[in-house]
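Below is one structure; the comments refer to it alone.
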Amino acid sequence: PRYRPDWASLDARPLPAWFDRAKVGVFVHWGVFSVPAWGSEWFWWHWRGEHRADYERFVRRRYPPGTGYADFAPHFTAHDFQPRQWAELFQRAGARYVVLTTKHHEGFTNWGSPVSWNWNSLDTGPHRDLVGELGQALRESNIHYGLYHSLLEWFHPLYLADKENGFKTQDFVFKKTMPELYDLVLKYKPDLIWSDGDWEAPDSYWNSTSFLAWLYNESPVKDTVVVNDRWGSNCSCHHGGYYNCADKYKPGTLPAHKWEMCSSIDKLSWGYRSSMNITELMDVATVVEELVQTVSFGGNYLLNVGPTKEGVIVPIFQERLLALGRWLDTNGESIYESKPWRVQMENGTHRVWYTSKGPVVYAIFLIWPQDNILELSSPVPSQTTQVTMLGFAGTLKWQKSPGEGLLITLPYMLPSPLPPQSGWTVKLEGVK
């Protein structure tokens with residue numbers, strides 16, 4: 001069908017199936033903000049937009065007098081950026097898709113945008129096409145490629161002029177942000193467009209519906225591309241492809257619409273911070289818990305890392321990603337291509353979560369029961385019920401519990417001074 005440039009028509013487009021099947025993605029926030037590597041990726045805004053004293057003090061102490069934000073760009077070198085190594089890491093992390101920031105709210109583009117003169121990764125800084133290089137490496141690894149793109153730019157003169165006019169003019173949209181979106185699609189043929197920076201103006205200002213109608217009707221990715229819901233101040237959680245609703249969104253019940261939760265290993269920032277402390281990072285147990293909760297509620301989980309200005313994903317981020325990947329090596333059968341079950345979590349406790357594939361039900365439990373007996377009250381067993389544990393050979397003994405459900409005898413775990421891994425999966429066949 002031809003899609004019209006209105007939400008009634010665009011929202012009726014079926015979401016390409018690969019996205020729901022994928023479940024797990026990695027988000028990458030990388031740009032000129034990786035140079036000061038302090039505070040967050042909103043560095044320029046906090047410093048020059050809000051004139052925060054802590055940011056002004058930071059620049060005064062570390063940089064020569066008269067330093068402006070543009071002076072950081074030559075130090076964004078990407079000297080150590082090896083896209084194939086990144087792709088291998090993301091693959092080992094279990095990611096089925098990767099989303100890279102092509103342009104954050106600072107306006108610096110990680111490719112040679114023809115409408116971002118001298119403020120892009122070809123003209124200055126790395127002198128490389130970062131978007132293209134990573135895309136090629138991911139495609140070689142069969143990982144879907146998503147492009148994050150900010151509609152607004154905090155300090156772009158055309159944007160500030162449109163804003164001054166109450167968004168009645170659209171010079172910035174037609175001379176800057178739209179040409180870039182079309183360029184990204186035609187040049188890199190992304191599987192996903194992760195729009196952001198939409199919140200100051202409605203979709204009519206951003207020309208969103210016209211762009212999406214072109215994307216779905218004419219573009220080279222019209223049948224495969226997936227988009228999120230950040231296309232105007234009136235769109236979030238209402239219009240677009242799948243819903244983000246808000247950063248680190250946790251719905252609490254099963255949403256009716258496909259959604260994604262984006263989260264960051266560094267709890268305080270999406271971009272790299274050189275001063276981060278281990279206590280400010282999510283541990284593996286928390287990452288697994290977020291993933292399991294998200295997928296049980298029908299969502300995808302997009303986990304963020306911020307590389308350094310040289311293009312290094314620091315070892316602690318690698319360690320978290322690889323630990324997630326090892327967990328998925330064992331338990332991925334309950335995650336990838338799964339569907340929400342009729343019950344998402346056991347009795348309102350956050351300790352056991354369910355997913356399903358056809359008649360098979362998976363119960364993922366996050367805390368190992370002290371007596372080695374796992375009690376599940378939601379599944380109804382039958383004569384043919386069989387219980388196994390992912391990563392463990394053989395079947396598990398079970399009996400009907402006195403009330404509803406079943407009692408499962410888990411394999412004996414050797415006592416260990418170390419906390420055990422987080423999250424195990426029992427596979428239930430022949431239950432209702």
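Does Glu88 fit the bill of being over 26 Å from the mean Cα position of the chain (by Cα) and open to solvent by 60 Å² or more (accessible area, probe 1.4 Å)? Spelling it out, it is not the case that Glu88 is over 26 Å from the mean Cα position of the chain (by Cα) and open to solvent by 60 Å² or more (accessible area, probe 1.4 Å). The residues of the range 36-57 that are over 30 Å from the mean Cα position of the chain (by Cα) and open to solvent by less than 70 Å² (accessible area, probe 1.4 Å), listed by number, are Ala53, Glu56. Every listed requirement among (1) without any contact (Cβ under 8 Å) to a residue 12 or more places away in the chain; (2) open to solvent by less than 70 Å² (accessible area, probe 1.4 Å); (3) in contact with an Asp or Glu (Cβ under 9 Å, 6 or more places away or on another chain) is met by Pro64 save one, (2). Only one of the numbered conditions (1) open to solvent by less than 40 Å² (accessible area, probe 1.4 Å); (2) in contact (Cβ under 8 Å) with a residue 40 or more places away in the chain; (3) part of a loop (DSSP other than H, G, I, E, B); (4) out of contact with any helix residue (DSSP H, G or I) (no Cβ under 8 Å at 6 or more places or on another chain) is violated by Asp223, and that is (1). For Pro126, the test of being open to solvent by less than 10 Å² (accessible area, probe 1.4 Å) and either assigned to a loop (DSSP other than H, G, I, E, B) or closer than 18 Å to Gly311 by Cα (or both) is failed. Can you say whether Tyr301 is open to solvent by less than 10 Å² (accessible area, probe 1.4 Å), of a type outside the set (Asp, Glu) and touching a Lys or Arg at 6+ places or on another chain (Cβ under 9 Å), as far as the supplied structure shows? The answer is yes for Tyr301.
For every residue, the table says whether it meets (1) among the polar types (S, T, N, Q); (2) closer than 25 Å to Thr388 by Cα.
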position	(1), (2)
Ser275	yes, no
Arg326	no, yes
Ser338	yes, yes
Arg342	no, yes
Arg351	no, yes
Gln370	yes, yes
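At least 1 residues being of a type in the set (Lys, Arg) and either exposed (fewer than 14 other Cβ atoms within 10 Å of the Cβ) or touching a residue at least 40 places away in the same chain (Cβ under 8 Å) (or both) is the threshold, and among the strands (runs of 3 or more DSSP E) wholly inside the range 321-432 those reaching it are 398-400, 424-431.
A quick yes/no check of all residues on (1) of a type in the set (A, V, I, L, M); (2) touching a strand residue (DSSP E or B) at 6+ places or on another chain (Cβ under 9 Å):
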site: Asp54; (1), (2): no, no
site: Gly68; (1), (2): no, no
site: Phe72; (1), (2): no, no
site: His75; (1), (2): no, no
site: Gly94; (1), (2): no, yes
site: Leu100; (1), (2): yes, yes
site: Gly132; (1), (2): no, no
site: Tyr145; (1), (2): no, yes
site: Glu153; (1), (2): no, yes
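Taking the criterion of being in a helix (DSSP H, G or I), within 17 Å of the chain's Cα centre (by Cα) and farther than 13 Å from Trp86 by Cα, the only residue of the range 300-320 that qualifies is Arg320. The residue of the range 156-175 that is nearest to His105 (Cα to Cα), among those that are polar (S, T, N, Q) and open to solvent by less than 60 Å² (accessible area, probe 1.4 Å), is Gln170.
Within the range 4-23, residues that are over 16 Å from Asn217 (Cβ atoms) sit with their Cβ atoms under 6 Å from residues that are of a type in the set (A, V, I, L, M, F, W, C) and not in a helix (DSSP H, G or I), at 6+ positions apart or across chains, in these pairs: Phe19/Val226; Lys23/Ile335.
Among the residues of the range 285-295, which ones are open to solvent by less than 40 Å² (accessible area, probe 1.4 Å) and not acidic (Asp, Glu)? Val287, Val288, Leu291, Val292, Gln293, Thr294, Val295 - these are the residues of the range 285-295 that are open to solvent by less than 40 Å² (accessible area, probe 1.4 Å) and not acidic (Asp, Glu). In this structure, is Asp71 in a loop (DSSP other than H, G, I, E, B), in contact with a Phe, Trp or Tyr (Cβ under 8 Å, 6 or more places away or on another chain) and free of Cβ contacts under 8 Å to residues at least 24 places away in the same chain? So Asp71 does not fit the description; no. Residue check: is Val26 part of a helix (DSSP H, G or I), in the same structural domain as Asn300 (by the TED database) and of a type in the set (Val, Ile, Thr)? No: the conditions fail for Val26. Against the numbered list (1) farther than 29 Å from Asp198 by Cα; (2) outside any helix (DSSP H, G or I), Ala137 comes up short only at (2). Here is a check on your reading of the model: is Tyr243 surrounded by 20 or more Cβ atoms within 10 Å (Cβ to Cβ) and over 24 Å from Ile335 (Cα atoms)? So Tyr243 fails the test.
The values are calculated or read from the model by the stated rules, or taken from the named source; none is laboratory data. What you are looking at is a predicted structure, and each value in this text was computed from that prediction instead of being measured. Methodologically, a virtual Cβ is constructed for each residue, glycine included, from the backbone with ideal geometry; neighbour enumeration extends over all protein chains shown. Please note that ligands, DNA and RNA were not included when accessible areas were found on the heavy atoms of the full protein model with its side chains. Shrake-Rupley method; radii C 1.70, N 1.55, O 1.52, S 1.80 Å.
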